[in-house]
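To start, the structure itself, in structure tokens.
Each value in this text was obtained by applying a stated rule to the coordinates, not by laboratory testing. Note that the coordinates shown come from a computational prediction; the quantities given were computed from them, not determined experimentally. Virtual Cβ from ideal backbone geometry, glycine too; neighbours counted across all protein chains shown.
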Amino acid sequence: MAVKFGRPLERKIGFVPAEADATEIQRNPLDLTVRMRRNRRAEWARRMVREHVLTTDNLIWPLFIRDGDNARTPVPSMPGVERLSVDQAVREAERAANLTIPCIALFPYTDPGLRDETGSEALNPDNLVCRAIRAIKKEVPDIGILCDVALDPFTSHGHDGLLRDGVILNDETVAVLVRQALVQAEAGCDIIAPSDMMDGRVGAIRKALDRNDFTDVSIMSYAAKYASAFYGPFRDAVGSSKTLTGDKRTYQMDPGNTDEALREVALDVEEGADMIMVKPGMPYLDIVQRVKETFAMPTFAYQVSGEYAMLMAAAQNNWLDGERAMMESLIAFKRAGCDGVLTYFAPRVAEKLKSSG
Ligand code: PBG
């Protein structure tokens, strides 16, 4: 197609007004004072009026940690994602820091032999997550480290809390989560991220951190976390999908609710959360928008494993332009009001932003 001054000269193929109509339109154009397309007509103009931009500062990169040395295991339901031994996680943390990704999130794949009814390995100061925190802090001191507080990677039944007679116990679980948070803070974790959805856990963790001289350790609460099918691939990655008995609907939120999300967030803010998170991400952007508007808190969303898997699967089939869909999905989070996104795409996005910046 011929191009003149950066504009294509449309060829007369397909539907074009008949010669007579064309002359008529020229003589008598639509009487429009406002033509929205003026602001879209060139890349410079589109850039000038763009309301939201994505930067690497908006990214938190979740990593899966496994035992061993110099080892990487692909997660089949998450193409491009691997479980990393601690030394490999250190390398990826270095890569993240070089890409100016501000923060990484660590999730352990706990050896099945170390899982038990009460998730006791969560309290082992030398567990996989704690070893990874220490190794990364030593080699890459300037990157933020966020850790989940919840028992599911450690329990034989795959639940986030203590289970008795088929019921997840709230207050007993909170007592354990407090100890898990302290163990992680002691290892050097910067941001404690309770993902368990027990009532009162944020306040209890805040109090315990403060009493133990961890006043500088932040809390990002998974404040509005829904009982979602989109967590499936994550459970493969941490090895809890086969072990999970039942579902998590007695503690995670019902997907039909939105006012309830505001109550959850209000409680966590009151209890001392520094930052709040909505999860999953893309199917819940209405929640992000209400939360940001209502609380004006630093607000994050988790673009969860299932969202990542869907985009990757479609891209691998050439059903979507994967790169563009990835970038579009992330700007959608910004537009809805997110300050940042936990996303498995983080390094790819950061690389792309770097090469286009
Ligand atoms: C653990 C936890 C889950 C995720 C983050 N922390 C799974 C769950 O609640 O079952 C999901 C993350 C993802 O799907 O990428 N409580």
About the Cα centre, charge dipole magnitude for the chain (Lys/Arg +1, Asp/Glu -1 at Cβ), debye: 1860 debye
Taking neighbour counts of Cβ atoms within 10 Å as a proxy for exposure, in what order, fewest first, do GLU186, GLU121 appear? GLU186, GLU121
The stretch 54-274: C-alpha gyration tensor shape, a/c 1.5 cut-off, then a/b vs b/c: rounded
Work out how much length ARG324 to LYS207 would gain on full extension: take 0.36 nm times their residue separation and subtract the Cα-Cα distance, in nm to one decimal. 37.7 nm
Which length gain, in nm to one decimal place, applies between GLU43 and ALA22 when the Cα-Cα distance is subtracted from 0.36 nm times their residue separation? 4.7 nm
Label-point separation, VAL167 to ASP199 (7 Å along Cα→Cβ), nm: 1.3 nm
Under DSSP loop assignment and at most 11 Cβ neighbours within 10 Å, longest trypsin sites (Lys or Arg not before Pro)-free interval of the chain: 51-241
Loop-located chymotrypsin sites (Phe, Trp or Tyr not before Pro) in the stretch 270-311, at most 14 other Cβ atoms within 10 Å (DSSP): none
What distance in nm separates the two pseudo spin-label positions at GLU260 and THR243, each 7 Å out from Cα along the beta-carbon direction? 2.7 nm
For a label point 7 Å from the Cα of MET310 along Cα→C-beta, name the residues of the stretch 227-258 whose backbone N is under 14 Å from it. 228-233
